[in-house]
Amino acid sequence: MIATLLFYAFAAVLTVAALGVVTSKNPVHAAFFLVLAFFQSALLWLLIDAEFLAIVLVLVYVGAVMVLFLFVVMMLDINVEQLRQGYTRYLPLGVVVAGVVILEIVHVIWYRSQGLPILSVPTSHGPDYSNTKELGAVLYTEHVFAFEIAAVLLLLAIVAAITLTMRKRPGLKVQNIAEQVAVRSADRIRVVKVDAVTDAKD
Amino acid sequence: MSALLTYVDELLVGLGVPAPLPYVVVTGIKIVVVLLPLILSVAYFTYWERKIIGWIQHRLGPNRVGWNGVLQPFADVIKMLFKEIVVPANSNRFLFLLAPLVSLVTAFSVWAVVPFSETFVIAEIDAGLLYVLALTSLGVYGVIIAGWASNSKYAFLGAMRSAAQIVAYEIAMGFALVGVLMAGGSLKLGDIVLAQQGTSLLSWFFIPLFPLFLVYFISGLAETNRAPFDVAEGESEIVAGFHVEYGGIAFGLFFLAEYANMILITALTVLFFLGGWLSPFAGIAGLEGTWLAQSGFHWLAAKMVFFMFCFLWVRATFPRYRYDQIMRLGWKVFLPITIIWIFVEGVLVALEVGPWAV
């Protein structure tokens, strides 16, 4: 009863947030709506006892990915007027593409699902059941190769991203921090002893 | 405490209150029992901070309101409550007022999984450590929203600095916690503390995980935007950073969230590395039966007070880092250290040396 009410509440906010992502004029607002949408889907996952997935969704997508995303979007100076140009020119093409996508979705969800058995709600386990432990037990034994391949792919992406930014431009000035830290006072200043000069008073 | 809660629970069930309500009432009492002392400790933490920094700098600190200034925090709160909240022109009013609430809610909700003793914790959830990581990473949204909604370049610069810094240090923090997980064998915070139970304080995790302990505490300083990593506020460069446009109690909420987060970092450091509520004198002959040898909340509080002092000590001692040096420390120093130590720990576990001896 309470779970059902919560489900409808979270699902309603999720739908509104998802609509907000595509309809907001300001890209920063759209990004905030996306954060809200992620958060709501995490709550929906919590309702079906998938606490590991829910928390990791918040941790990875809301806590890290969207922060960097906002970081970039906030710094962009997007001219909305310029983006709106050519709206009528591209409208027919857009309508055709949207129609095809809608047809495909209907085909997959409605047409092909006729006569399929409806999955029941997953059975709830007791409070001692550890979602995380079960996932880990399968991930590192049965699916270890898929896991390793995914890890290698991610590593490859990191290396690729770093090599793209590591170009040496001529005349680029960089600080060598090790050199800065190793500096002693004797390298920079010279202490000179100067005898005090006193004017002879008469 | 827990006896009282069981009594309330049984009383409500005995009175015929329908099923979820007694649980809601008991949890509500627990939340109040945690949050009220927390807010009070935040108030006195600020007083204590001004006193300690005063003494370190050879000053007296606040000493006018009440005996030796003990009522100073209340004077500050009353002042902030009565000040006007000015919403800047051309700013987004909804987001502007939402930002302090986001900071505060994330700072408070993490306390739900923090165990205060073997029996007292608000929510004993299985993925407690992941919950802590997820919610502490949400705290940055308060800063980002505040910086963006203020429509001020200083606030915006502060928010950008803070976002980059928190993301950088969160990774080192997460890796340090991976080491704790490998040693503790559980994601439940209470189980991690119980895994440190042994004959003496030598079985606490700060010995086998010493580099991770240092990395975690220093990342905690950076994560809460405290000196020497407080470039998000950087009053010498960008006035007051992300909360420059906030006044009155809206600023007060940011302040409350920041100090609640600091106390949280001390609590987590103690729970993960220093045996939480366990007594350091547990195995010593002649002390059995006394409160010194007894594990309980008093030991957790004593250890937390020490680390809270460290926060202030560090603030009064070190100059602020330059921004590129902060980034270098996070990405190029802490991250490799944690990864190397996780590898070392893995070898120790595989060879069953030290605390992993069977």
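Cα to Cα, under 26 Å, and not fewer than 8 places away if on the same chain: which lysines meet these conditions relative to A:Lys193? A:Lys193 reaches A:Lys201.
By the scheme Lys and Arg +1, Asp and Glu -1, what is the net charge of all other residues having a beta-carbon under 14 Å from that of A:Glu142?
On the way: positive: none; negative: A:Glu134, A:Glu148.
Around A:Glu142, the charge tally is -2.
Largest mean-square fluctuation among B:Leu21, B:Leu278, B:Leu129, in a Gaussian network model of chain B whose springs join Cα atoms under 10 Å apart, belongs to B:Leu21.
Take chain A, connect every pair of alpha-carbon atoms lying under 10 Å apart with a spring to form a Gaussian network, then pick out the residue of A:Leu59, A:Leu154, A:Leu47 with the largest mean-square fluctuation. Of A:Leu59, A:Leu154, A:Leu47, the Gaussian network model singles out A:Leu154 as fluctuating most.
Whenever you get a sec, line up A:Tyr8, B:Tyr44 from highest to lowest accessible area (probe 1.4 Å, protein heavy atoms). If you can, show how the numbers build up before the last one.
Working: A:Tyr8 145, B:Tyr44 75 Å².
Output order, biggest surface exposure first: A:Tyr8, B:Tyr44.
Among residues other than B:Pro22 with Cβ under 12 Å from its Cβ, the summed charge is -2 (Lys and Arg +1, Asp and Glu -1).
Site pair B:Ile340 and A:Lys133 shows an inter-label distance of 3.5 nm when each label is modelled 7 Å from Cα along Cα→Cβ.
One Cα centroid belongs to the stretch B:66-130, the other to the stretch B:299-358; the line between them spans 26 Å. Under the membrane-span-like helix rule (DSSP H runs whose alpha carbons stretch at least 20 Å along the helix axis, mean Kyte-Doolittle hydropathy -0.5 or higher), chain B yields B:20-56, B:93-109, B:128-149, B:153-184, B:248-273, B:297-317, B:335-351.
Take the Cα of A:His125, step 7 Å toward its Cβ, do the same at B:Ala350, and the gap between the two points is 2.9 nm. Of the whole protein surface, A:Val72 contributes about 80 Å² of accessible area at a 1.4 Å probe radius. GNM on chain A, alpha-carbon springs under 10 angstrom: the most fluctuating residue among A:Ala31, A:Ala186, A:Ala64 is A:Ala186. Under the convention that each Lys and Arg Cβ holds +1 and each Asp and Glu Cβ holds -1, the size of the dipole of the stretch B:131-244 around its Cα centre is about 140 debye. The contact residues of the stretch B:103-132, meaning those that lose at least 50 Å² of 1.4 Å-probe accessible area when all protein chains sit together rather than their chain alone, are B:Asp126, B:Leu130. Spin-label model, A:Ala18 to B:Lys332: label points 7 Å out along the Cα-to-beta-carbon direction sit 4.5 nm apart.
Among B:Gly190, A:Ile105, B:Tyr154, whose Cα lies farthest out toward the positive end of the dipole of the protein assembly as shown, if unit charges sit on the beta carbon of Lys, Arg (+1) and Asp, Glu (-1)? Among B:Gly190, A:Ile105, B:Tyr154, the one farthest towards the positive end of the dipole of the protein assembly as shown is B:Tyr154.
Taken across both chains, chains A and B shield about 2300 Å² of accessible surface from a 1.4 Å probe.
Quick one: putting +1 on the C-beta of Lys and Arg, -1 on the C-beta of Asp and Glu, what dipole do you get for the protein assembly as shown around its Cα centre, in Debye to the nearest 20?
1800 debye
The Rg/Rh ratio of chain A, with Rg taken over Cα atoms and Rh as the Kirkwood radius over Cα pairs, comes to 1.22.
Please return the longest stretch of chain B lacking exposed loop sites, where GluC sites (Glu not before Pro) count only if DSSP places them in a loop and at most 12 other Cβ atoms lie within 10 Å.
Working: sites that count: B:Glu84, B:Glu288, B:Glu352.
Between the exposed loop sites, the longest stretch runs B:85-287.
When the accessible area of chain B is split by element with a 1.4 Å probe, what percent falls to carbon and sulfur? The value for chain B is 70 percent carbon and sulfur by accessible area. On a straight-distance basis, which lysines could pair with B:Lys153 in a cross-link, Cα separation under 20 angstrom, same-chain partners fewer than 8 positions away excluded? Straight-line reach from B:Lys153, under 20 Å: no lysines qualify.
All other residues with a Cβ under 15 Å from the Cβ of B:Thr136 taken together, and with Lys, Arg as +1 and Asp, Glu as -1, what is their net charge?
Numbers: positive: B:Arg226; negative: B:Glu170, B:Glu223, B:Glu258.
Residues close to B:Thr136 contribute a combined charge of -2.
For chain A, hydrophobic long helices are taken as DSSP H runs at least 20 Å long by C-alpha position along their axis with mean Kyte-Doolittle hydropathy of 1.0 or more; these are A:2-23, A:27-47, A:87-106, A:144-165. With a Förster radius of 25 Å applied to the beta-carbon distance between B:Ala89 and A:Phe69, the computed FRET efficiency rounds to 0.35.
Expected output is a single nm value to one decimal: the length gained when fully extending between A:Leu155 and A:His143, i.e. 0.36 nm times separation in residues minus the C-alpha distance. What is it?
On the way: separation 12, 0.36 × 12 = 4.32 nm, distance 1.85 nm.
Here the answer is 2.5 nm.
In the context of the full set of protein chains, residues of the protein assembly as shown present 59 Å² of accessible surface per residue (probe radius 1.4 Å, heavy atoms only).
At a Förster distance of 60 Å, what's the computed FRET efficiency of A:Val60 paired with A:Ala200, Cβ-Cβ distance as r, to 0.05? Efficiency for this residue pair is about 0.15.
Under 20 Å of direct C-alpha separation, and excluding same-chain neighbours fewer than eight residues apart, B:Lys332 reaches these aspartates and glutamates: A:Glu179, B:Glu170, B:Glu223, B:Asp230, B:Asp324.
The values are calculated or read from the model by the stated rules, or taken from the named source; none is laboratory data. Predicted, not measured: the structure shown is a model, and the values here were computed from it. Note that each Cβ is placed from the backbone with ideal geometry, even for glycine, and that neighbours are counted across all protein chains shown. The protein model used for the area step is the full one, side chains on, heavy atoms only, and it has no ligands, DNA or RNA in it. Shrake-Rupley method; radii C 1.70, N 1.55, O 1.52, S 1.80 Å.
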